[in-house]
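Take a look at the structure set out below.
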Amino acid sequence: MVAALACAGCGGEPATSGQTTATSKIATGWSRVEPRRLPDLQGAGTSLIPVPPGLSLSGEAGRPVLVNLWAGWCHPCVKELPLLQAAESRQELSVVGVSKDVRRSTATSRLKAAAITYPNWMDPDGAYLRGLDGLVPAFAIPSSLLVVDGMVVATHVGPFANADDLAGFRRYVASS
């Protein structure tokens with residue numbers, strides 16, 4: 001049962017925004033949330049790729065931050081890594097990954113294979129995810145949180161289907 005729940009958000013084709021998949025019974029895609037502060041990653045886990053000086057989860061000079069929850073054993077998670085790296089490289093937003101992998105080697109091998117350079121943390125016991133207090137379902141990975149001016153303003157449950165799906169973050173930045 002636990003294994004089934006852990007993979008419920010991982011696998012299959014992504015639903016369109018706001019739809020519910022038959023396997024997961026949760027809404028996928030972008031959703032606006034009541035703005036609230038995001039727990040700090042410092043001390044919450046082990047750094048895989050360190051957060052560079054000057055970058056905080058509150059954003060930098062109006063640039064939004066996308067916190068992506070993923071795992072190396074989750075195929076949709078691994079598949080979207082290059083898409084996230086491309087957005088980070090274009091400086092559309094800052095990306096910070098939080099891996100649920102238990103083994104550091106699993107996460108680092110996936111990051112290396114995808115040539116990921118954005119900061120990543122490990123949260124093997126799920127403590128950080130639990131600290132999100134229901135912003136996204138604990139078993140739904142990949143999931144992402146959009147942080148604007150220090151506040152989570154939107155979430156995306158499920159994998160990003162393509163660059164246009166990821167670019168949906170812009171409507172939440174403009175209205176924040």
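Ranking Val33, Val96 by Cβ neighbours within 10 Å, fewest first, what do you get?
Lowest count first: Val33, Val96.
Subtract the Cα-Cα distance of Met151 and Lys112 from 0.36 nm times their separation in residues, and report this length gain in nm to one decimal.
11.0 nm
Arrange the peptides 68-81, 124-137, 158-171 so that the one whose residues have, on average, the most other Cβ atoms within 10 Å appears first.
Result, highest mean first: 68-81, 158-171, 124-137.
Return an integer: the convex hull volume of the alpha-carbon atoms of region 83-170, in Å³ per residue.
Enclosed volume per residue, from the Cα hull, is 101 Å³.
If we count other beta carbons within 10 Å of each Cβ, what is the order of Thr28, Thr108, Thr117, fewest first?
Exposure proxy ranking, most exposed first: Thr117, Thr108, Thr28.
Suppose R0 equals 41 Å. What FRET efficiency, 1/(1 + (r/R0)^6) with r the Cβ-Cβ distance, do Asp125 and Lys79 give to the nearest 0.05?
The computed FRET efficiency comes out at 0.95.
Where a number appears in this text, it was derived from the coordinates with a stated rule and is not lab data. Model, not experiment: these values are computed from the prediction. Here Cβ is always computed from backbone atoms with ideal geometry, including for glycine, and neighbour counts include all displayed protein chains.
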